[in-house]
1. Being open to solvent by less than 60 Å² (accessible area, probe 1.4 Å) and of a type in the set (A, V, I, L, M, F, W, C) is the filter; apply it to region 91-101 and report the residue that is modelled with the lowest pLDDT.
2. Might you check whether a residue that is within 22 Å of the chain's Cα centre (by Cα), under 15 Å from I76 (Cα atoms), open to solvent by less than 40 Å² (accessible area, probe 1.4 Å) and of a type outside the set (D, E, K, R) occurs anywhere in region 26-43?
3. Answer yes or no as to whether S20 is at negative phi, of a type outside the set (A, V, I, L, M, F, W, C) and surrounded by 16 or more Cβ atoms within 10 Å (Cβ to Cβ).
Amino acid sequence: MDKLIIHHGERVTEHELRDSPLTIGRDPECDLFFADKKLSRRHARVERVGVGLRLVDLESRNGTWINEERIEAREIAPGDEIRIGGLRIFVQLEREEDLGDQSTVYIKDFHQKPRRRGPSRSPQATRPNGRRRRGR
């Protein structure tokens, strides 16, 4: 499940994102409300766009910021820092959690010649009496 990691002063909370839009503000009618004088009553909305997320400013007085840039509406990417009033918000996508150590890909060097590991033990290399054939 995708989540918002919300830093408000010394407190850190997590909120799971569903398919329906999420409104953030200081009005108790908002989905996420905070007693923060820097927030507008209905400050911003997080909504799904395909498999991604978009942040929309709801004509707030102090603005909505992504990576220190004021926005009206913009898609959110992992690693973006969202600032709304006194809140700092980060997005954690489910895809990031599921990858874990699998996100590292190792690629074999195809230009390197394969090493021989001792004499071959294949059936063609031995005689019916069990003795090995000599190289020619």
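The values are calculated or read from the model by the stated rules, or taken from the named source; none is laboratory data. What you are looking at is a predicted structure, and each value in this text was computed from that prediction instead of being measured. Every residue, glycine among them, receives a Cβ derived from its backbone with ideal geometry; neighbour counts consider all protein chains shown. Just the protein is used for accessible areas: all its heavy atoms, side chains included, with ligands, DNA and RNA removed. Shrake-Rupley method; radii C 1.70, N 1.55, O 1.52, S 1.80 Å.
1. Applying the filter and picking the extreme gives L93.
2. no
3. no
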